[in-house]
Amino acid sequence: MKQWLFLFLFIFECASSYSQQAFRCVVKDSITKEVIPGAIVLLEGTANGASSDTKGLVVLKNIPTGAQKFSISCLSYNKKIIQITFPMNDTLERIIFLSPAKDELEEVIVSTTRTNGRIEDLPIKVEVLGEDDMDEESTIVPGGIGSILGDLSVITIQRTNPVNGNDAVRMQGLDYKYTQLLRDGLPLYEGFSGSLGVLAIPPLDLKQVEIIKGSASTLYGGGAIGGLINFISKTPTDSAKAILTLNQTSLKETNVNTFMSKKYKRIGTTLFAGGNLKQAYDVNNDGYAEVPEQRQLIFHPRVFFYLTPKANADIGLTLTSDNRKGGSMNAIHHTEDTINSFLFTERVLRTTVDGHFTYQAGTHNFLTVKSTLSNFDRTLYYGGFNFTGKQISSYSEFNDLFTKGKHTWVNGVNFVAEQFSKVGGDAVQFGNYVYQTTGFFSQEDYQLTPKISLEGGIRADYHNRYNWFILPRAGIFVKASPNLSLRLHYGSGYKIPNLFSSSQPYDYARLMSIRDEVKPELSNGFNMDLNYHTLLWNQLSLQLNQAFYSTNIKNPTILHADSSGNKFIINAPYSITSIGTDTYIRLKLRAWELYLGYNHTEAKQLGTGINFNMPFNPKDKFATTLAYEIAGTWRMGIEAAYSANQYIYNNERVPNFWFLAGMLERKFPHGSVVLNCENMLDYRQSIHEPLVTGSSKQPVFASIWGPVEGRVINLSLKFTL
């Protein structure tokens, strides 16, 4: 009997010692220090485990005494093993930090907002296409950045000229002149140089693209009314890198691009060199080229100087030569005459020198100086009219970024100059001009509470012709939980009247200088977005973003023709308003990724007395991308976009259409091969209407609202060393 009693007491003691110990822990991100919901904590060698709740908390009971090992894992984080010794009848508590996996984006730093803040904590909405996106696009569509920008539901890529094939970016239903474009934080694409050929920047030369949706004029001056896009170049890598891409399309386009980089002890270098060759192509057999002949060369070397641990500098040179020939196929191949009708030729040489210098004056104090000088030469011939012009533009800036406690300030001054001069060709009625703007800006971010941050800023610009502009901005960021955040932002803006922002080359022969009574355009913009992300069933990553925006523009400038045929810039007798909503969902499950986006925009001209829609704005746009990847071997994807309820200049609605694309990539240890197809349904505007009417010597080209090139198949090779 005593033996049974001792056995019972022994079993009870063991069970008691096993059940009294407990383990409580909170799982956090090692970088952001934020809690991680959905992390799995498991007592190794057992089935005793649980996942962290929305507060990152995990509680495990019935832990044996002695040394025990626990594994902590979560999607997108490195797995961690810890060992803890448990005394009898005790509950131990720990904070466990997980580091993001190396193959995941640990954090995205945004430079366009000037504060170099994390994208998750900014009071203004910023969309980032990262280095992985650029790497993928460099083999899918290596000739330019326009395709990947057009995949976003809030952006529309518009063919601005049906003859030379130039594209531009429209955001939030507004004209392309209201989108400001930067290269490495420097505005280079205004006036005569405009956005001509900007979207031909090869993705292979870019580290990332930062997109601000809505007004950003307070940050960089006039122009960023509908949005801002900053193209950021690659920087040197620690080990030598060399990439070569070769591409051939079914439209007789050939691309050859190469990128090299190397970082030494005190110096680093990058070099991009690329060429793009297009043969003229008549897709719909109407005798005119939908794809103009093009010869483009780009050369972009940069040198980086690591002067001291606190001082860095870089200097770069960009040379772009772009020759295009469009119009009648006969004229393109045999030169224009009475038989070989209409011809358009254009030769462009853009030369840019830019530099940056950054000095860390204190632990939380950074001084930055950056400057650029650009020369743009453009010669064009349009149906008998010759014109040659030159634009010299420069931008210089000094700013001071300082952080103390809960405050982050950035203060600075910049100077912008734009000089246009007619160099040769036929007589025109507009004259040369020089625009100069000196700007002063100040911005403060204040961390009111751990969950609420405020942002306020103001810019004062003095223009040599239009005097002073005062641009306030304000924003609030609320992080209601680790998964849910809210942004509200207001910004004002302005746009200086410019001859070339509202006209095309065929207008130049009768274009007049800007009159003194023409006023600058003024804008007010409001943006709000809700962002939610979570991990479902410990496997499915979900991100949901819901945005709302409203922009109003007073004194919009338009091109007007009088009874004599002279064309001049005037302030339109109406204002412009754009109100819309943008929704997107991103899902990631193991090797699968899905993007779903929908944009609805009501962009109107108010004061006309009728319901007049802004042209070339699809009121409804749906975009989706589905991708699947087998690590190191295969990658494949399909894209679809639907554009609906679009109007052109005469307030006429045009047909809705689908645009589909698909790609397949086979990866190898030192490269890959990609087969890609754009516009798989072969949808073309010419199916619904002729693209060219009128006589052979004076053709009339239709406004481009849809695809004109039809189905395009390309095969691309990439070699990496």
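What to note about this one:
- Residue among E709, E678, E665 that is among the charged types (D, E, K, R), under 30 Å from G384 (Cβ atoms), in the same structural domain as I648 (by TED's automatic domain parsing) and crowded, with 18+ Cβ neighbours inside 10 Å: E709
- Just so you know, in the stretch 490-530 the residues that are among the aromatic types (F, W, Y) and farther than 30 Å from I579 by Cβ include one that is modelled with the lowest pLDDT, and it is Y506.
- Within the stretch 133-187, restricting attention to residues that are charged (D, E, K, R) and part of a loop (DSSP other than H, G, I, E, B), the residue that is farthest from S393 (Cα to Cα) is D151.
- Output for the stretch 573-595, where each listed residue is in a loop (DSSP other than H, G, I, E, B) and crowded, with 17+ Cβ neighbours inside 10 Å: Y574
- When every residue of the stretch 114-123 is checked against the conditions, at least one turns out to be modelled with pLDDT under 80 and either among the acidic types (D, E) or in the same structural domain as G412 (by TED's automatic domain parsing) (or both).
- Search result, residues across the stretch 147-173 that are touching a Gly at 6+ places or on another chain (Cβ under 6 Å) and either under 24 Å from D135 (Cα atoms) or surrounded by fewer than 23 Cβ atoms within 10 Å (Cβ to Cβ) (or both): S153, I157, D167
- Matching residues, the stretch 494-539, being in a strand (DSSP E or B) and either of a type in the set (D, E, K, R) or within 19 Å of S193 (Cβ to Cβ) (or both): K495, L511, E521, D529
- Among residues of the stretch 87-103 being loosely packed, with under 12 Cβ neighbours inside 10 Å and within 24 Å of E131 (Cα to Cα), the one that is modelled with the highest pLDDT is K102.
- Residue in the stretch 518-525 that is assigned by TED's automatic domain parsing to the domain that holds P655, among the acidic types (D, E), surrounded by fewer than 16 Cβ atoms within 10 Å (Cβ to Cβ) and closer than 28 Å to G191 by Cα present: no
- When E593 is tested against (1) over 23 Å from L626 (Cβ atoms); (2) at pLDDT 90 or above, just one condition goes unmet, and that condition is (1).
- Residue, nearest to N676 (Cα to Cα), within the stretch 618-649, restricted to residues that are touching a Ser or Thr at 6+ places or on another chain (Cβ under 9 Å) and among the acidic types (D, E): E639
- Here the condition is being over 18 Å from G706 (Cα atoms) and in contact with a Gly (Cβ under 9 Å, 6 or more places away or on another chain); of A641, A627, A631, it holds for A627 alone.
- Pair list, Cβ < 9 Å and 6+ apart or interchain, from the stretch 272-296 residues that are of a type in the set (V, I, T) to residues that are not in a loop (DSSP other than H, G, I, E, B): V283/V291; V283/S686; V291/E253; V291/K278; V291/Y281; V291/G326
- In the set K567, K604, only one residue is crowded, with 16+ Cβ neighbours inside 10 Å and in contact with a helix residue (DSSP H, G or I) (Cβ under 8 Å, 6 or more places away or on another chain); that residue is K567.
- Positions within the stretch 511-534 being hydrophobic (A, V, I, L, M, F, W, C) and within 18 Å of Y574 (Cβ to Cβ), in sequence order: V518, L522
- Residue, farthest from L43 (Cα to Cα), within the stretch 66-98, restricted to residues that are in a loop (DSSP other than H, G, I, E, B) and charged (D, E, K, R): D90
- The set of residues from the stretch 220-240 being farther than 18 Å from I315 by Cα and either surrounded by fewer than 24 Cβ atoms within 10 Å (Cβ to Cβ) or out of contact with any strand residue (DSSP E or B) (no Cβ under 9 Å at 6 or more places or on another chain) (or both) comprises D238, S239, A240.
- Residue within the stretch 618-637 that is out of contact with any helix residue (DSSP H, G or I) (no Cβ under 6 Å at 6 or more places or on another chain), assigned to a loop (DSSP other than H, G, I, E, B) and surrounded by 16 or more Cβ atoms within 10 Å (Cβ to Cβ) present: yes
The values are calculated or read from the model by the stated rules, or taken from the named source; none is laboratory data. Predicted model, so just to flag it, every value in this text is computed and none were measured. Using ideal geometry, Cβ is built from the backbone for each residue, glycine included, and neighbour counts are taken over all protein chains shown.
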